[in-house]
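Notes to accompany the following structure.
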Amino acid sequence: MHQYLFFIGDFPIRAYGLILSMSIILATGVAYFFAKQDGRWHQHVPDIGIYCGLAGIVGARLWDVFFFDWDYYQHHLLEIPFVWQGGMAIQGGVLLGAIAGIIYTKIHKIDTWAFADIVAAPAVIIGQAIGRMANLMNGDAFGHPTGENFGIVYPSTTLAHQVYGTKPLWPAEIWEGQLDVIIFVLLLIFRTTNHAKGQVFILYAILYSAARFFLEFLRGDYGTLLFGLKSAQLTSLAVILIGIILFIRQSYYAERIGLGSKNSK
């Protein structure tokens with residue numbers, strides 16, 4: 001793991017920032033591919049990629065600051081904008097990025113649910129998978145000690161080492177990135193079915209939240225919040241519940257009007 005790839009003078013080029021930028025760029029490229037393949041809205045993808053990417057960074061940072069690390073940042077308010085140091089929560093990023101996407105589609109009179117199915121869901125999850133590589137290189141989003149002689153031992157410069165020293169830790173961020181790739185494939189398979197409009201994106205939210213809920217039992221970078229669960233787990237449960245309701249609602253609505261997303265051009 002190398003937090004700093006190289007220096008330009010005294011300015012460090014951090015692996016975290018570089019890989020995070022790559023995740024946004026490559027996710028936008030995937031979104032463009034699917035939109036071009038579908039024949040709709042591909043001309044909007046570069047713009048919406050920039051807006052949602054920037055909104056996602058802000059949302060991810062603020063979510064981490066207020067839900068995970070407020071004990072630290074309440075005494076270091078000037079460091080809140082220092083995103084290059086790490087400390088980003090994907091749930092906040094997706095939330096604010098989705099809000100930016102909804103606003104953009106409404107302004108440009110684009111079908112929000114159809115756009116989310118075609119472009120957003122597959123692109124976002126592959127971007128998340130790449131983003132977890134940034135966490136690994138930076139030594140954050142780490143697991144708790146395995147209690148055995150196997151696991152990841154982080155370098156002394158990382159937050160994981162500051163918290164647990166040389167104890168082997170569960171590879172939580174690696175496993176999440178791998179599960180994200182699996183979810184990406186499952187979404188591609190689901191896209192081939194005669195699904196209702198919006199169900200691909202909703203399924204993305206449900207699957208990722210379910211994976212995140214169970215992976216949080218391995219995370220060791222922050223503590224529990226309520227009922228022995230962590231904040232990300234409580235959020236995941238809420239998203240799963242709302243997602244299931246919306247998934248069923250979209251099916252019911254599609255049956256009533258006899259229209260699925262595959263033939264909704």
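For the chain, the share of accessible area belonging to carbon and sulfur comes to 70 percent (1.4 Å probe, ligands and nucleic acids excluded).
May I ask for the angle, rounded to the nearest 10°, between helix 172-191 and the longest principal axis of the chain, with both axes built from Cα atoms and the value confined to 0 to 90°? The helix 172-191 is inclined about 10 degrees to the chain. Considering only protein heavy atoms, what per residue accessible area in square angstrom results for the chain with a 1.4 angstrom probe? Ligands and nucleic acids excluded, the result is 52 Å² per residue.
In the chain, the ratio of gyration radius to Kirkwood radius, Rg to Rh, stands at 0.99 when only Cα atoms are counted. Restricting attention to the chain, the count of lysine pairs at 8 or more positions apart or across chains with alpha carbons under 19 Å apart stands at 10.
With kT/(6 pi eta Rh) evaluated at 4 °C and eta = 1.567 mPa s, and Rh the Kirkwood radius from Cα pairs, segment 37-99 diffuses with a coefficient of 102 µm²/s according to Stokes-Einstein.
Taking the chain as the reference, fit the longest principal axis to its C-alpha atoms, fit the long axis of helix 45-63 to the helix C-alpha atoms, and give the angle between the two in degrees, 0 to 90, nearest 10. So the inclination is approximately 40 degrees. Rounded if a/c is under 1.5, else prolate if a/b beats b/c, else oblate: with a ≥ b ≥ c from the C-alpha gyration tensor eigenvalues square-rooted, which is segment 1-141? Judged from the Cα gyration tensor, segment 1-141 comes out prolate (a/c at least 1.5, a/b above b/c).
Diagonalising the gyration tensor over the Cα atoms of segment 1-65 and scaling each eigenvalue by 5 before taking the square root yields semi-axes of 29, 15, 9 Å, largest first. Helix 15-38 and the longest principal axis of the Cα set of the chain meet at an angle near 10°. Computed on the chain, with alpha-carbon pairs under 8 angstrom and 6+ residues apart, the relative contact order is 18 percent. If a/c stays under 1.5 just call it rounded; otherwise compare a/b with b/c (prolate if a/b is bigger, oblate if not). Do that for segment 61-142, with a ≥ b ≥ c from the square roots of the Cα gyration tensor eigenvalues. In terms of gyration-tensor shape, oblate. Using C-alpha pairs below 8 Å separated by at least 6 residues, the relative contact order for segment 42-104 is 52 percent. Overall, segment 161-236 carries a charge dipole of about 160 debye about its Cα centre when +1 sits on the Cβ of Lys and Arg and -1 on the Cβ of Asp and Glu, all other atoms neutral.
The values are calculated or read from the model by the stated rules, or taken from the named source; none is laboratory data. Computed from a prediction, not measured in an experiment: that's the story for all the values here. Don't worry about glycine lacking a Cβ; one is built from the backbone with ideal geometry, like all the others, and counts go over all protein chains shown. Heavy atoms of the whole protein, side chains included, go into the accessibility calculation; ligands, DNA and RNA do not. Shrake-Rupley method; radii C 1.70, N 1.55, O 1.52, S 1.80 Å.
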